[in-house]
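The values are calculated or read from the model by the stated rules, or taken from the named source; none is laboratory data. Owing to the predicted nature of the structure, the values given are computational and were not obtained by experimental measurement. Neighbour counts run over all protein chains shown; Cβ positions are idealised from the backbone, glycine included. Surface accessibility is based on the protein's heavy atoms, side chains included, excluding ligands, DNA and RNA. Shrake-Rupley method; radii C 1.70, N 1.55, O 1.52, S 1.80 Å.
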Amino acid sequence: MKKSHAGLVGALMGAMLATPVLAASSDACLQHNRIWGWRALDERTVLVTDRMQNRYTINMRGSCFGLTDGGAILVFRTWTNLGCVGVGDLLGVRTPSLGFTSCSISNVQAGAPGPAPG
């Protein structure tokens with residue numbers, strides 16, 4: 001019995017230690033039901049923080065009108081709560097002034113965007 005508990009504890013510790021590594025990889029998995037907060041950097045880029053305080057950068061295909069509006073509400077259109085937000089998913093933006101618009105996601109990356117080249 002003690003061996004099974006030790007194995008279970010080892011597996012859980014391994015999973016917890018691997019989580020930050022997986023979040024930092026290029027295969028970022030942002031689940032829309034775990035989003036804690038977001039901030040629009042411009043009409044094409046959103047910085048998202050999840051419940052574990054991991055940061056993700058979401059880039060849109062083209063401009064997403066209303067994204068920088070102070071009263072904007074994001075609506076992620078994925079099939080499941082546990083599914084990762086990814087390329088081609090639709091992101092809805094609801095604003096008091098423009099109503100509802102849909103935007104297509106072109107990229108999701110772990111971490112905040114780097115400084116602009118210049």
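Worth a mention:
- Boolean, residue 82 is without any contact (Cβ under 8 Å) to a residue 60 or more places away in the chain, assigned to a loop (DSSP other than H, G, I, E, B) and within 25 Å of residue 52 (Cβ to Cβ): yes
- Residue count for the stretch 50-74 under the criterion of being in a strand (DSSP E or B) and open to solvent by less than 60 Å² (accessible area, probe 1.4 Å): the result is 7.
Condition check ((1) more than 17 Å from residue 112 (Cα to Cα); (2) of a type in the set (Gly, Ala, Ser); (3) surrounded by 18 or more Cβ atoms within 10 Å (Cβ to Cβ); (4) under 16 Å from the mean Cα position of the chain (by Cα)) across all residues:
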position	(1), (2), (3), (4)
84	yes, no, no, yes
89	yes, no, yes, yes
93	yes, no, yes, yes
99	yes, yes, no, no
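- Here residue 105 meets the list (1) among the β-branched types (Val, Ile, Thr); (2) open to solvent by 30 Å² or more (accessible area, probe 1.4 Å); (3) within 14 Å of the chain's Cα centre (by Cα) almost entirely, failing just condition (2).
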